[in-house]
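Here is the structure we will look at.
The values are calculated or read from the model by the stated rules, or taken from the named source; none is laboratory data. Everything numeric here is computed off the predicted structure, so don't read it as measured data. Quick reminder, even Gly has a Cβ in these numbers, built from the backbone with ideal geometry, and neighbours come from all protein chains shown.
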Amino acid sequence: MAETATLPRVLIVDDDEVFRTRLCRALAQRAWDARAAGGGEEALAMAAQMHPHLAVVDLRMPGMDGLDLVERLRAADSSMTIIVLTGYGSIPTTITALRRGADYYLSKPADADQILATYERLRTPETSLPNAPVEAPSLARVEWEHLQRVIADSGGNISEAARKLGIHRRSLQRKLSKYPPAR
């Protein structure tokens, strides 16, 4: 393997330790100097030291959220490619992320190959992705993502999430038993 000084550098920022570790390992196996941070402040300190070519930032994190981190990373290094990664994708958050300095937005689950393919397309000006039309998710997909977000905000408590959504617990469980709809 090549020295880390000659490898392209990537910073993975996600509060989910398992996901962060797996993605970091997968990128390292693809000849990247991959480093990981669990939150915004840690990521800013690491970025100042390592000067990454690519930053993959989770949108929802405790403390400094991904949108604020994107803005601060962009202010610190305008040449860095920043991809926002989240399980709660929507058109308004996509637009906000791009306005704050993200180069692109991917929905979880995204793997190392998807992230690297996006990075390569972003580096090629004639196939730049941010100018590509944004494909609106289906209504069923938006509903499913909203349900997942409310459940996450309820700490995984289905009864509490059903109360917040104003539906019966069994109705929520039926909706959850279906596979996530296609985009």
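Some points to look at:
- Conditions (1) at pLDDT 75 or above; (2) surrounded by 12 or more Cβ atoms within 10 Å (Cβ to Cβ); number of the one not met by ASP113: (2)
- First in segment 169-183 and small (Gly, Ala, Ser), second anywhere and at pLDDT 70 or above, Cβ under 8 Å, 6 or more apart: SER171/ALA162; ALA182/SER138; ALA182/ARG141
- Pairs with Cβ under 9 Å, 6+ apart, first in segment 1-29 and over 22 Å from LEU67 (Cα atoms), second modelled with pLDDT of 90 or more and among the aromatic types (Phe, Trp, Tyr): LEU7/TRP32; PRO8/TRP32; PRO8/TYR119
- Where strands (runs of 3 or more DSSP E) sit wholly within segment 29-108, none has at least 3 residues that are in the same structural domain as HIS146 (by TED's automatic domain parsing).
- Residue check, VAL56 within 13 Å of the chain's Cα centre (by Cα), free of Cβ contacts under 8 Å to residues at least 60 places away in the same chain and surrounded by 14 or more Cβ atoms within 10 Å (Cβ to Cβ): yes
- Tally, over segment 59-76, of residues that are acidic (Asp, Glu) and at pLDDT 90 or above: 2
- Looking across segment 12-21 at every residue that is surrounded by fewer than 16 Cβ atoms within 10 Å (Cβ to Cβ) and not β-branched (Val, Ile, Thr), the one that is farthest from THR86 (Cα to Cα) is identified as GLU17.
- Scanning segment 148-170 for residues that are aliphatic (A, V, I, L, M) and part of a loop (DSSP other than H, G, I, E, B) yields a total of 1.
- Of residues in segment 78-89 being modelled with pLDDT under 85 and surrounded by fewer than 19 Cβ atoms within 10 Å (Cβ to Cβ), the one nearest to LEU54 (Cα to Cα): GLY87
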